[in-house]
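What follows is calculated from the coordinates using simple rules that are stated; it is not laboratory data. The shown structure was predicted, so the numbers you read here are calculated from the model rather than taken from an experiment. Cβ coordinates were reconstructed from backbone atoms using ideal geometry, including for glycine residues, and neighbour counts include every protein chain displayed.
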2 protein chains.
Amino acid sequence: MHPRIVDTLKRNQLSITDSRKKILEMFLQKKGALAHADIEQQSGEEFDRVTIYRTLQTFVEKGIIHTIPTADNSVRYALCKDDCSEGHHHDNHVHFMCDHCGTTYCLDHVTVPAVVLPAGFKISQVDVVVSGSCLKCQQ
Amino acid sequence: MHPRIVDTLKRNQLSITDSRKKILEMFLQKKGALAHADIEQQSGEEFDRVTIYRTLQTFVEKGIIHTIPTADNSVRYALCKDDCSEGHHHDNHVHFMCDHCGTTYCLDHVTVPAVVLPAGFKISQVDVVVSGSCLKCQQ
DNA sequence: ACGCAAATGCAACAATGTTGCAAAATAATT
DNA sequence: AATTATTTTGCAACATTGTTGCATTTGCGT
């Protein structure tokens, strides 16, 4: 088991349960983003569908993961950088979704460019959703 | 009825039906984006739910409207600039979603900033999803 | 080990989206 | 203008996705 799992749960005042450990482990292992369906498939019959929904919801509330806006409006989640332990707010993000393999990357290290909007719009968050082909799918 | 409606349908080789006229009119009147639910409510019992789904799908295929990625992963549609009559591909877009009133704006005239990705990623589309408070909701 | 609080599983439900097919509306042809 | 061919619609049924309430189970602090 990944060493950070118990730490992360404790730090967020969550009880250490099988589903939380397993789901968090999935995020730590797989670098890309996960959809609810991915988790359901990978965990087999181990957890109830409802438990997965509630676990994801809890993780989002605690800032352990965040949702990703995608071009096809499918709901995906990715680990927050540094587990958001610092109250980090995810105001800016660049995400990349591969048109071929469907993998979604959370590019925390890419700088979000400044966006200039017409007068009257107050910006609180900027999400950049890039599609194309990824490292593995070059062609 | 908006004068562009019949033109647009004909240009895209679509038969002129009540639902298509009405739904296209909604997009032309309302400047912001529409969700399936908005259309369903506004049209009352006039059209079947399935018809609305199919009409939206057809419009997307013909390039009359496009879907908008949103921070909350709700599916919304907006008119394509120039009805995409020129085979315009919507490679770049800035969308704004108001946190207060929920209105979604399609800001065709705002320049999409350049995004620099790590080597190996090939960009085919960039969507910028901005949240905040809009013109009407300033505070 | 015990008791309390929290999380889980189950069932039922709600919302959203899809598919097949017969009936109706639109377009094309004569 | 009437007839035929094609497209679109409405209905029914179904699939998927997400939510809620409640009894049972699990984890946690003492």
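In whole percent, what relative contact order does region A:25-139 give with Cα contacts below 8 Å and a gap of six or more residues? Write down the numbers at each step before the final one.
Working: 146 pairs, mean separation 27.9, N = 115.
About 24 percent, as a whole number.
Rounded to whole Å and sorted largest first, what semi-axes of the equivalent ellipsoid does the C-alpha gyration tensor of region A:1-85 yield via the square root of 5 times each eigenvalue?
Numbers: eigenvalues 68, 50, 27 Å².
The three semi-axes for region A:1-85 are 18, 16, 12 Å.
Can you put B:Phe121, A:Phe96 in order of Cβ neighbours within 10 angstrom, beginning with the fewest? Please report the intermediate quantities before stating the final value.
On the way: B:Phe121 20, A:Phe96 26.
Final ranking by Cβ density, sparse to dense: B:Phe121, A:Phe96.
Provide an ascending nm list, one decimal, of label-point separations from A:Pro118 to the equivalent residue in each further copy; define each label point as 7 Å from Cα along Cα→Cβ.
With the label placed 7 Å along Cα→Cβ, A:Pro118 yields 3.9 nm.
Across region B:96-111, in residue order, what do the Karplus-derived ³J(HN,Hα) couplings come to in whole Hz, using 6.51 cos²θ - 1.76 cosθ + 1.60 with θ = phi - 60° and x for Gly and Pro?
10, 10, 7, 5, 8, 9, x, 4, 10, 9, 9, 8, 5, 8, 8, 6
Which distances, shortest first and in nm, link A:Val50 to the matching position in the other copies, using label points set 7 Å out along Cα to C-beta?
Inter-copy label distances (nm, one decimal, shortest first): 3.2.
Distances in nm, one decimal, shortest first, from B:Thr17 to the same residue in every other copy, taking the label point 7 angstrom along Cα→Cβ.
Sorted ascending, the copy-to-copy spacings read 4.7 nm.
I'd like the Karplus ³J(HN,Hα) series for region A:69-78: coefficients 6.51, -1.76, 1.60, θ = phi - 60°, whole numbers in Hz, and an x wherever there's a Gly or Pro.
Using θ = phi - 60°, the values come out as x, 10, 5, 9, 6, 8, 8, 10, 10, 9 Hz.
For A:Met1, project a label point 7 Å along Cα to C-beta. Then give me every residue of region A:16-32 with its amide nitrogen under 18 Å of that point.
A:16-30
Which far-off residues, 5 or more places away or on another chain, put their amide H under 5 Å from the one on A:His93, with H placed in the peptide plane?
Those qualifying (amide H under 5 Å, at least 5 residues apart or on another chain) are A:Val126, A:Val128.
My understanding is that a pair violates if its Cα-Cα distance is over 26 Å; which of A:Lys30/B:Lys122; A:Lys122/B:Lys31; A:Lys21/B:Lys122; A:Lys10/A:Lys122 do that in this structure? Don't skip to the answer; put the middle values down first.
On the way: A:Lys30/B:Lys122 21 Å; A:Lys122/B:Lys31 19 Å; A:Lys21/B:Lys122 35 Å; A:Lys10/A:Lys122 36 Å.
In this structure, A:Lys21/B:Lys122; A:Lys10/A:Lys122 lie more than 26 Å apart at Cα.
Whole-Hz Karplus ³J(HN,Hα) for region A:55-67, in order, using 6.51 cos²θ - 1.76 cosθ + 1.60 and θ = phi - 60°, x for Gly and Pro?
Values per residue, Gly and Pro as x: 5, 4, 4, 4, 4, 5, 4, 7, x, 7, 10, 9, 8 Hz.
Could you pull out every residue, at least 5 positions away or on a different chain, whose amide H is within less than 5 Å of the one on B:Arg76? Hs are placed 1.01 Å off N in the peptide plane, and Pro or chain starts have none.
B:Ile68
Shielding of A:103-112 by partners, i.e. mean partner chain Cβ atoms within 10 Å per residue? Show your work: numbers first, answer last.
On the way: counts 0, 0, 3, 0, 4, 0, 1, 5, 2, 3.
That average works out to 2.
How big is Rg to Rh over the protein assembly as shown, alpha-carbon atoms, Rh as the Kirkwood inverse-mean-distance radius? Walk me through the numbers before you get to the answer.
Numbers: Rg = 20.7 Å, Rh = 20.6 Å.
Rg divided by Rh gives 1.00.
Closest to the A-onto-B rotation axis, which residue of chain A has its Cβ, and how many Å off the axis is it?
Of all Cβ atoms in chain A, the one nearest the axis gives A:Pro113, 2.
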